[in-house]
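Here's the structure, in structure tokens; my notes come after.
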Amino acid sequence: MAGAYMMSMGEAHRRILEYLNRFSDAVSTQDGKSLSRLLSISSDSHHLLSLADALNTFQDANRLIRQSEEYSQYADILLPIFRALQSYRLRNLVESYQAFEKASNAFIQEFRNWDSAWALEALYVLAYEIRVLAEKADIELASNGKTPEKLKGAGSLLMKVFSTLAGKGPKRVGALYVTCQLFKTYFKLGTVHLCRSVIRSIETARIFDFEEFPVRDKVTYMYYTGRLEVYNENFPAADHKLSYALSHCDARKEANIRMILKYLIPVKLSIGILPHAQLLENYNLNEYSNIVLALKRGDLRLLRHALQEHEDRFLRSGVYLVLEKLELQVYQRLLKKIHIIQKQKDPNKAHQIKLEIIVKAMKWLEMDMDVDEVECIMSILIYKNLVKGYFAHKSKVVVLSKQDPFPKLNGKPVSS
């Protein structure tokens, strides 16, 4: 109980009554903001920490609640909230989550009975705390050699919160915030497939109008659904969603902009759009610098080196495979450079490139490939419409189209 100090019984009694009065006043005056502060267990606010100390000094808070008609009507919320606070202060995080789960279920029941949406802000804090306390509880379980299972339970509880908002009326504007808490939970658990049913509810249910949701929630929603599209390799959709998140994100939230760009840059690269060096510098995304340079130069060795150097980071983000597929664009750029050099030497034969010249270029880049391997790559480039032309197999020559031999992607992904 680090940070706690010895509190007199009278002081403890006064602090507990103060909290109960603030809770009761917030509900009776429908003050959602004040109520939300009283539920923010993990915030480490001075008021809640001193309340936890008071509860650990004055052991009879239950009687205070049950004796008063004013407080006893909310006993099912208040008693477990007190237990959650005490346990959190003593760093018993599993017990804290379990108590908070009970308080949440009781709060959801009350929230359903309230006609207006005055308590939405309190419900947001509740949804946030459910996820955060569950994550902390799982860390404690894992450190004690037990199975971390609380975050999975939090997912089910958050679905219950979501269902209370998925109806007609003013409460529905809160649905997107809870959806984003669900996304964070599913991504952490590695169960992203569970996002689909919530996305369907948001995007196809007629009760929701996306534009009426708060901007903050729309940005978070587009960020997570954009990431899902990256996993599904649906790059035009990922580009649309992540670009929306970026353009609507608060410019002062640099860390959030960086998180969006971490996924938007690989998406843009895969559809042939290169970021400015200054952008990478401004948001400390220098892991992409050499990848961009490799695409500009047609330098396969540099691309592979950059992927190897930042492999762990790219794998954790889930963009490694997206970046690996940029190899085809690098080959296209290399072939284009060979074509330009050949055009300067012999304009009449510029559209005919011998495979052995490509093999030599690869050797110069310290990439050991034989003619058969290069032929295979050229076939893929032609098939994927990154190169217009055909193969003269006998003479081992790539014959390029005289009109637009290297089609630009123009914001579309490489054809599969």
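The values are calculated or read from the model by the stated rules, or taken from the named source; none is laboratory data. Please read all numbers here as calculations on a predicted model, not as lab measurements. Reconstructed Cβ throughout: ideal geometry from the backbone, glycine too, with neighbour counts over all protein chains shown. Protein only, heavy atoms only, side chains kept; ligands, DNA and RNA dropped before computing areas. Shrake-Rupley method; radii C 1.70, N 1.55, O 1.52, S 1.80 Å.
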Counting only helical runs of four or more DSSP H residues, what would the 222 nm mean residue ellipticity of the chain come to if each run contributes -39,500 (n - 2.57) and the total is spread over all its residues? -21000 deg cm²/dmol
At Glu311 and Ile357, where each label point lies 7 Å from the Cα along Cα→Cβ, what is the point-to-point distance in nanometres? 3.5 nm
Could you sort out which of Lys136/Lys184; Lys325/Lys396; Lys268/Lys343; Lys136/Lys188; Lys337/Lys363 sit more than 19 Å apart by Cα distance in this structure? Lys325/Lys396; Lys268/Lys343
Short version: ³J(HN,Hα) in whole Hz for each residue of segment 303-320, in order, from phi by Karplus 6.51 cos²θ - 1.76 cosθ + 1.60 (θ = phi - 60°), x for Gly and Pro, what are they? 4, 5, 5, 5, 5, 5, 5, 10, 3, 4, 4, 5, 5, 4, 6, x, 10, 4
Among the aspartates and glutamates, which fall within straight-line cross-link reach of Lys253, defined as a Cα-Cα distance under 20 Å, with same-chain neighbours fewer than 8 residues apart omitted? Asp217, Glu281
I need the phi-derived Karplus couplings for segment 40-52: 6.51 cos²θ - 1.76 cosθ + 1.60, θ = phi - 60°, integer Hz, Gly and Pro marked x. 7, 3, 7, 6, 6, 5, 4, 4, 6, 5, 6, 5, 4
I need to check one value: relative contact order of the chain, counting alpha carbon pairs closer than 8 Å and at least 6 residues apart, in percent. 9 percent
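Compare Asp312, Asp368 by solvent-accessible area with a 1.4 Å probe and give them largest first, with all protein chains kept in place. Don't skip to the end; give the middle numbers.
Working: Asp312 105, Asp368 125 Å².
Largest accessible area first, the list is Asp368, Asp312.
What full-extension length gain, to one decimal in nm, is calculated for Arg91 and Lys394 as 0.36 nm per residue of separation minus the Cα-Cα distance? Could you put the intermediate results ahead of the total?
Numbers: separation 303, 0.36 × 303 = 109.08 nm, distance 7.54 nm.
Additional length available on full extension: 101.5 nm.
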Under a plain spin-label model, where a point goes 7 Å from the Cα along Cα-to-Cβ, how far apart in nm are Trp114 and Arg304? 6.1 nm
Counted charge near Gly155, where neighbours are those whose Cβ lies closer than 14 Å (Asp, Glu -1; Lys, Arg +1): +3
Would you be so kind as to identify which of Asn62, Ser87, Tyr74 lies farthest towards the positive end of the dipole of segment 1-114, taking Lys and Arg as +1 and Asp and Glu as -1 on Cβ and the Cα centre as origin? Ser87
Among Leu315, Val387, Ala361, which residue has its Cα positioned farthest towards the positive end of the charge dipole of segment 295-400, with +1 placed on the Cβ of Lys and Arg, -1 on the Cβ of Asp and Glu, and the dipole taken about the Cα centre? Val387
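Can you put Ser197, Ser24 in order of accessible area, largest first, using a 1.4 Å probe?
Details: Ser197 55, Ser24 10 Å².
Order by accessible area, largest first: Ser197, Ser24.
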How would Tyr390, Tyr223, Tyr231 line up by accessible area, probe 1.4 Å, largest first? Tyr390, Tyr231, Tyr223
Divide the volume of the convex hull of the Cα atoms of segment 235-328 by its number of residues and quote the answer in cubic angstrom per residue. 88 Å³
List, in order, the whole-Hz ³J(HN,Hα) value for each residue of segment 112-127 obtained from phi through the Karplus relation with A = 6.51, B = -1.76, C = 1.60 and θ = phi - 60°; use x for Gly and Pro. 4, 7, 6, 5, 8, 9, 4, 9, 4, 4, 5, 5, 4, 4, 4, 4
7 Å from Cα along Cα→Cβ at both Ile139 and Leu189: what's the point-to-point distance in nm? 2.0 nm
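Arg252 to Lys412: extension gain in nm, 0.36 nm per residue of separation minus the Cα-Cα distance?
The span from Arg252 to Lys412 would gain 54.5 nm if fully extended.
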Relative contact order %, segment 295-400, counting alpha carbon pairs below 8 Å whose residues are six or more apart: 26 percent
If the reach is capped at under 19 angstrom between alpha carbons, list the lysines near Lys394, excluding any in the same chain fewer than eight residues apart. Lys349, Lys354
